[in-house]
Amino acid sequence: MSVTDYVIDLLLIAVIFRQVRTHELTTRSAVLPLLLMAVAGFVYLRPVDLHGNDLALIAVLGAAGIVIGAVSGMADSVRLTPEGRVLARAGAISVVAWVAGMGSRFGFEYYAYHSGSAAVARYSIAHDITGASIWTTALVLMAFGQVIARVGLLQIRRIRLTDQATARAQRSLT
């Protein structure tokens, strides 16, 4: 693992801690996680040929990322202020889910590049997974699923709250 690998992984883990304090949820608040995701995609994703169970690995890890991101995004406290601002705060469940997802991915990468490389190779052969590039793709797409699910759910919740407030305001005018 390179220094870049460590920096990207640690930033993806740490991004949740910025959201433990109550903060305004805006379209702009989605920028940093999506930017980190784009950088990770640029650094790690390359074209791959799929054989054996490669697609199954990608699908399972991608789905796991989506589930973890959804749990994290739904566990946040999101509320509308009287002034119409949407405030959000990541709670304990949200933080635990996020760190578990990003941390397990980081832990597996560390293991695979260090003491566990032979075990990962044996597992890959036994389960018809064709190599390190497939693992990299699957793990990056797991992170993408986690980021997109969390950010997407928070943005949907923000839009719903503002729409509800707008509807209430319109009803009160009539």
How much length, in nm to one decimal, is gained on full extension between Tyr110 and Val48, taken as 0.36 nm per residue of separation minus their Cα-Cα distance? 20.1 nm
Ratio for region 49-127, C-alpha Rg to 2.2 N^0.38 Å, reads 1.56
Measuring with a 1.4 Å probe in the full set of protein chains, what accessible area per residue, in whole Å², belongs to the chain? 56
What angle do you read, to the nearest 10 degrees and between 0 and 90, between the alpha-carbon axis of helix 54-74 and the longest principal axis of the chain? 30
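Does the chain classify as rounded, prolate or oblate by the C-alpha gyration tensor (a ≥ b ≥ c root eigenvalues; a/c under 1.5 gives rounded; else a/b over b/c gives prolate, otherwise oblate)? Don't skip to the answer; put the middle values down first.
Numbers: a/c = 2.90, a/b = 2.33, b/c = 1.24.
Verdict is prolate for the chain.
Is the C-alpha gyration tensor of region 23-63 telling us rounded, prolate or oblate? Criteria: a/c under 1.5 is rounded; beyond that, a/b larger than b/c is prolate, otherwise oblate. Kindly include the intermediate steps, with their values, before the conclusion.
Details: a/c = 5.58, a/b = 2.21, b/c = 2.53.
Oblate, because a/c is 1.5 or more while a/b does not exceed b/c.
Multiplying the sequence separation of Val67 and Gln170 by 0.36 nm and subtracting their Cα-Cα distance, what value in nm do you get?
Details: separation 103, 0.36 × 103 = 37.08 nm, distance 3.62 nm.
Answer, rounded to one decimal: 33.5 nm.
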Please report, as a whole percent, how much of the solvent-accessible surface of region 57-149 comes from carbon and sulfur atoms (probe radius 1.4 Å). 70
Calculate for the chain the 222 nm mean residue ellipticity that helices alone would give, adding -39,500 (n - 2.57) per DSSP H run of length 4 or more and normalising by residue count, nearest 500 deg cm²/dmol. -24000 deg cm²/dmol
If r is the Cβ-Cβ distance from Arg160 to Asp5 and R0 is 41 Å, what FRET efficiency results, to the nearest 0.05? 0.65
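The values are calculated or read from the model by the stated rules, or taken from the named source; none is laboratory data. No experiment lies behind these values; they were computed from the predicted model shown. Heads up, the Cβs are rebuilt from the backbone with ideal geometry, glycines too, and the neighbour counts pull from every protein chain shown. The accessibility values were calculated without ligands, DNA or RNA, using every heavy atom of the protein model including side chains. Shrake-Rupley method; radii C 1.70, N 1.55, O 1.52, S 1.80 Å.
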